[in-house]
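Report on the structure given below.
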Amino acid sequence: MEVQITSENFESLKNGQQPLVVDFWATWCGPCRMIAPVIAELAEKYDGQIVVGKCDVEENDELAAEFGIRNIPTILFFKNGEVVDKMVGAASKAAIDEKFQALL
């Protein structure tokens, strides 16, 4: 299950027990809408192992700026509170799934 990432809950999720995947997106972004079902499916697949969140860059521009998000979609992969991987742009389900598996 996906969670909404905001500046209020980001730190606690980032520093939580489980790895965190954050999909930076916007409602007007076509490629973001393309990968949204894939992200939702992977969130279900890895439920209980990885926290998967969506961060709307329009509503949370300070988080986007903190991580230098210039293009969306951008997916950041966190482990132990640190960014360990990043994907920019739309990608195949297999490619995204591979990044999820690397977090475990």
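Readers should treat all values here as calculations from the given coordinates under stated rules, not as data from a laboratory. Predicted, not measured: the structure shown is a model, and the values here were computed from it. Don't worry about glycine lacking a Cβ; one is built from the backbone with ideal geometry, like all the others, and counts go over all protein chains shown.
Tabulated data
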item: Options Thr6, Ala95, Ile69, ranked by Cα towards positive dipole end of the chain, top entry (Cβ charges); result: Ala95
item: Gain on full stretching of the segment that runs from Ala95 to Arg33 - 0.36 nm per residue minus C-alpha separation; result: 20.6 nm
item: Cysteines without a disulfide-compatible partner [the chain; Cβ-Cβ under 4.7 Å]; result: Cys55
item: In the range 1-62, chymotrypsin sites (Phe, Trp or Tyr not before Pro) in a DSSP loop with at most 14 other beta-carbon atoms within 10 Å; result: Trp28
item: GluC sites (Glu not before Pro) restricted to DSSP loop in the range 1-88 with at most 15 other C-beta within 10 Å; result: Glu8, Glu58, Glu59
item: Beta bridges by DSSP in the chain, antiparallel share as percent, to the nearest 5; result: 55 percent
item: Cα-based Lys proximity count in the chain, under 19 Å, for pairs eight or more positions apart or on separate chains; result: 14
item: Max mean-square fluctuation residue, GNM over the chain, Cα-Cα springs under 10 Å, options Ala65, Ala43, Ala26; result: Ala65
item: Spread of Cα-to-Cα distances over 10 Å intervals beginning at zero, given as percent, for the chain; result: 16, 55, 28, 0
